[in-house]
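Let me begin by presenting the structure, written as C-alpha cells, before commenting on it.
The values are calculated or read from the model by the stated rules, or taken from the named source; none is laboratory data. Bear in mind that the values here come from a model prediction, so they are computed numbers and not experimental data. Please note: Cβ atoms are built from the backbone with ideal geometry, for glycine as well, and neighbour counts cover all protein chains shown.
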Amino acid sequence: MTKDFRVALREWPAPEAASELRERILMSRAGGRRVDLPVDRTAPWRLRLLIAAAAVVAIVAIADRVQQGRDGPQEGGQGLYSHLFGGGPWSPSVGAAQEASKVPTLPRYPLIVDFDPSGVVGGTWTYETWTTTDDIITGKTGSITMSASAVLLEGTTAWLVTTARGANVGDSLFVSRETLRPLRHTINGPKSRFHVVQRYSADSVHETIDWMGPNERHLRSAARLPGIREAPLLTYIDLNLLAQALPLDRDWSGSVYVVGLISLGTRFFPIDVRVIGRDRVAVPAGTFDCWKVAVIERHANLEFRTLLWVNRDRHFIVKTEDKGGDFVTRSLLATYAMTPPTPPAP
C-alpha cells in the first residue's frame, strides 16, 4: 500500500508552484488580506490535474489517520506517510534552510538615500479594512492598529513598531531611528503556533522560524542583505515610518528593498515608489490633502500594485487600495494620534 502511494505521487504530473507563493500566502493571512491566485484560463487541464493531485493527497491523509488509529502514533508524533512530505517545501525538516544566495530582482528606480529620519514621529494609527467584490458587495473585514514609540534596544535608539489586528497583537519591529533599517522583527502566528524572529546586523539577517504542534518544525537561516548600507530597508509593516521621512513631491520616485521570510523562498524583493498626483480624500478620521503614490512590489515574474494616499503635511498613510481579479481591498484611517520623538530615559 505504501509503495503504491509513493509511486503514484512521484509519477503524477503537476505544475511547479512559484517560489514566493507560500510566503505571500502566510504574510497575507497575517495581514488579513485576500490573495488572488493566478489562474491560467487557457489550460483547464492543469486545473483538473491539481484537483486530481489534491484527491490523492486527501486519500493519503485519510489513510494516514486510519493507520495511526490502528498502529498508534509513529516516531516523533508523525504519521506513517509523513516521510512522503517531510523535508519538502510544505513541510520542511529541521535545519533545512541554508544561506540565501539567490540574486534579488533589481529595482526600477535608484535606491532611496535622500530621506530625513529626524522627520519621523511616533504615534498610533488605526485603519478599518473594507473589501468590495464584483463592484457590488462591500463589507468591513476588520481593523489594524499600528503604533510606533521611541525606545532603547541594546543601547541603540530605536522605534518600536507594533501591529494589532482586532484584539490580537501580531508583529513587533525594532527600527533604527538613525538609519530606518530594521534591527529585530518578530511575527507571532495564530495561537502562537507559528513564530518568526529576524535579527539584523549591518550587512546580514539571521532568521529562526518555529512551527509548534504535533508536526513540530524549526528552521535556521542567514543571508546577506541587498542594496547599500545608506539605504533604508523595509519589512511588511513599517512603510508608515519611511513615508514620514521621504521628500515626497510631484513626480518623486525611488525604490527600497523589502526583507521577506528568507527561509521560505522569497528572501528580498524591491518595491518601486512613485508619486503620481495629488488628491483630497475623505476617510473616517477626516478629510486630508494627500499625495497619491503608486507602490509596485516586484518579483521575478510577478508584480503587485498598491495605491497609497499619504498626508501632504505629516506624510502618514491615510488610505491604501489593492485590486484583485474581482475585488478591491481598502484600508481607511479611522483614528490617529501623533507624538513627538521624545528620547527614552537612559
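Residues in the stretch 266-283 include none that are in contact with a Leu (Cβ under 6 Å, 6 or more places away or on another chain) and either part of a helix (DSSP H, G or I) or acidic (Asp, Glu) (or both). Condition check for Glu178 on (1) at pLDDT 90 or above; (2) buried (at least 16 other Cβ atoms within 10 Å of the Cβ): one failure, at (2). Which one is surrounded by the fewest Cβ atoms within 10 Å (Cβ to Cβ) among residues in the stretch 136-155 that are modelled with pLDDT of 90 or more and among the hydroxyl-bearing types (Ser, Thr, Tyr)? Residue satisfying both the conditions and the ranking: Ser149. Exactly one residue out of Val273, Val328, Val258 is touching a residue at least 24 places away in the same chain (Cβ under 8 Å), β-branched (Val, Ile, Thr) and under 22 Å from Ser143 (Cα atoms), and it is Val328.
Quick grid of which residues meet (1) within 27 Å of Gly122 (Cβ to Cβ); (2) assigned to a loop (DSSP other than H, G, I, E, B); (3) under 19 Å from the mean Cα position of the chain (by Cα); (4) of a type in the set (S, T, N, Q):
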| residue | (1), (2), (3), (4) |
| --- | --- |
| Arg199 | yes, no, yes, no |
| Ile209 | no, no, yes, no |
| His218 | no, no, no, no |
| Pro247 | yes, yes, no, no |
| Tyr257 | yes, no, yes, no |
| Ser263 | no, no, yes, yes |
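Say we look at the stretch 293-346 and pick out the residues that are acidic (Asp, Glu) and either assigned to a strand (DSSP E or B) or crowded, with 18+ Cβ neighbours inside 10 Å (or both); which of these is modelled with the lowest pLDDT? By that ranking, first place goes to Glu303. Selection within the stretch 261-292: residues that are among the aliphatic types (A, V, I, L, M) and buried (at least 22 other Cβ atoms within 10 Å of the Cβ). The member of this set that is farthest from Ala243 (Cα to Cα) is Leu264.
For the stretch 96-121, a residue qualifies if it is surrounded by 15 or more Cβ atoms within 10 Å (Cβ to Cβ), modelled with pLDDT of 90 or more and in contact with a Leu (Cβ under 9 Å, 6 or more places away or on another chain), and the qualifying residues are Ile112, Phe115, Pro117, Val120.
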